[in-house]
Amino acid sequence: MNKAPGTAGFMAMKGDGYYSKATIGAKHVMDKAANLVLEAIARMDPADDGSIFRATDMGAADGGTSVDLWRRVFADVRTRVPSRPIEMIYTDLPRNDFAQVFRMIHGQTDTKSYYPEIDDLYVFASGTSFHQNIFPAQTLDLGFSATASHYISSTPCNITDHVHMVGATGAERDAFTRQGAIDWETMLLQRTRELKPGGRLCLFNFGIDEEGRYLGDTGGVSMFDTFNRFWNELADDGVISRDEYLKTNFPQHYRTVEEFTAPLNDDNSPVYKAGLRLEHVETRVVRCPFEQDFTENHKDATRFATEYLPTLRSWSEATFLGGLDADRDQAEREAIMDEFYGRYQACVADAPEGHAMDYVHAYLICRKEA
Ligand SMILES: C[S@@+](CC[C@H](N)C(=O)[O-])C[C@H]1O[C@@H](n2cnc3c(N)ncnc32)[C@H](O)[C@@H]1O
């Protein structure tokens, strides 16, 4: 099996604020579950001892989708521990648009920043992967990540007949499952090392729920099958080569609840031995806002397709671009992307029923043993 280059070498959400503008559903996921973070902080009951309170948002993209969650969290922390400076570190991969994070924080975008509302708050960024050490040991009070841990450090093999592991079978599916387990354990171990005793880790993860549902596959038209259909069609039509089709694989693994909790429930696992304990786990489905607006309000299929496709493009484009031959020039690459998403958009406009990117998450709250 081919070993593809690492995810950190090419992965990024679409920049310049496109991601958070187009991906309002990811914001809904965080806003609806912010109480899980607030409750974790209440249980943590941080001492008002003047030391730095350090929080991080790992895989934050441009920071726009989590801004209102952090507004509530930092208002709460500020009240609980008035003597403690708050340090906030946004982390993502090196190709992330970190400038957009700081433009948002400092009021240079149309997103309302929490920064002017919180006294004694210091905002930083790190371009180090959450599969590596990001912070010195025992310096982190609150670790948070939403909709990011499904990215694995590299794809373990090409998927013969699909672009995502949800469509992989046999040895190829097993290879993704193995890589998913390795990266999950590594990520939990790194965070356990970094958390202070009593610190909390709050993870809102894409995954496969108890009914077998996952992102864009909750009973209607499967989003990943549709991606695969049109990417395959571009290969059939000679727009891309068969080799480019084969080399296009989302560097993602959608874990089940059992996979998420295995290292936290087994007292022989390195994660458990390092002191990380599961406080809470649940799955939820958050409805696609574009499909909901179409179905319940405007009922205009062309409008739905026009509004819906950017949310898919905001996070998936890097993977499709990553499958293209390196010697294609920029204009060619852009034309292929426009053709690909254009075909998907025309299909939705033509027959909108069943298309939806419903979000399926497993929410985990963990405590580092005191
Ligand atoms: C779908 S976006 C989620 C952004 C935001 N957290 C949200 O929920 O809207 C996933 C983010 O995770 C980042 N990511 C993927 N793998 C990562 C890694 N190993 N370390 C840090 N960030 C990573 C991607 O670059 C991307 O910005």
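Summary of values
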item: Candidates 184, 315, 231, ranked by Gaussian network fluctuation over the chain, Cα under 10 Å, top entry; result: 315
item: All Cα pairs of the chain, percent lying beyond 33 Å; result: 29
item: Counting DSSP beta bridges with both ends in the chain, the antiparallel % (nearest 5); result: 45
item: Additional length obtainable on full extension of the chain from residue 321 to residue 273, 0.36 nm per residue less Cα span; result: 13.2 nm
item: For peptides 100-107, 356-363, sequence by mean Cβ density within 10 Å, most packed first; result: 356-363, 100-107
item: Eligible lysines near residue 299 by straight Cα distance, threshold 30 Å, same-chain separation 8 or greater; result: 14, 21, 27, 32
item: Per-residue [θ]222 nm for the chain (sum of -39500 (n - 2.57) over DSSP H runs n ≥ 4, rounded to 500); result: -13500 deg cm²/dmol
item: Gyration tensor verdict on the stretch 25-70 (Cα atoms; rounded if a/c is under 1.5, prolate if a/b is larger than b/c, oblate otherwise); result: oblate
item: Neighbour net charge for residue 47 - beta-carbon separation under 10 angstrom, K R +1, D E -1; result: -1
item: Gain in span if fully extended, residue 301 to residue 137, counting 0.36 nm per residue against the direct Cα distance; result: 53.8 nm
item: Neighbour-count ranking [beta-carbon atoms within 10 angstrom, fewest first] of 32, 14; result: 32, 14
item: Order by protection proxy (mean Cβ within 10 Å, highest first), peptides 336-348, 259-271; result: 336-348, 259-271
item: Size of charge dipole - the chain - debye, nearest 20, with Cβ of Lys, Arg +1 and Asp, Glu -1, no other charges; result: 1060
item: The chain: most fluctuating residue of 238, 170, 323 per GNM, C-alpha cutoff 10 Å; result: 170
item: Ranked packing of 275-287, 185-197, most packed first, by mean Cβ within 10 Å; result: 185-197, 275-287
item: Straight-distance crosslink candidates among aspartates and glutamates, where the alpha carbon sits under 15 Å from residue 112 and sequence neighbours closer than 8 are dropped; result: 31, 62, 68
item: Full-extension gain in nm, residue 126 to residue 68, via 0.36 nm per residue minus C-alpha separation; result: 18.8 nm
item: Cβ-based exposure ranking for 307, 332, in which fewest neighbours within 10 Å come first; result: 332, 307
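Rule-based calculations on the coordinates, nothing more; no lab input. From a predicted model like this one, the values you see are computed outputs, not experimental measurements. When we count neighbours, we look across all protein chains shown, and the Cβ atoms used for this are built from the backbone with ideal geometry, even at glycine.
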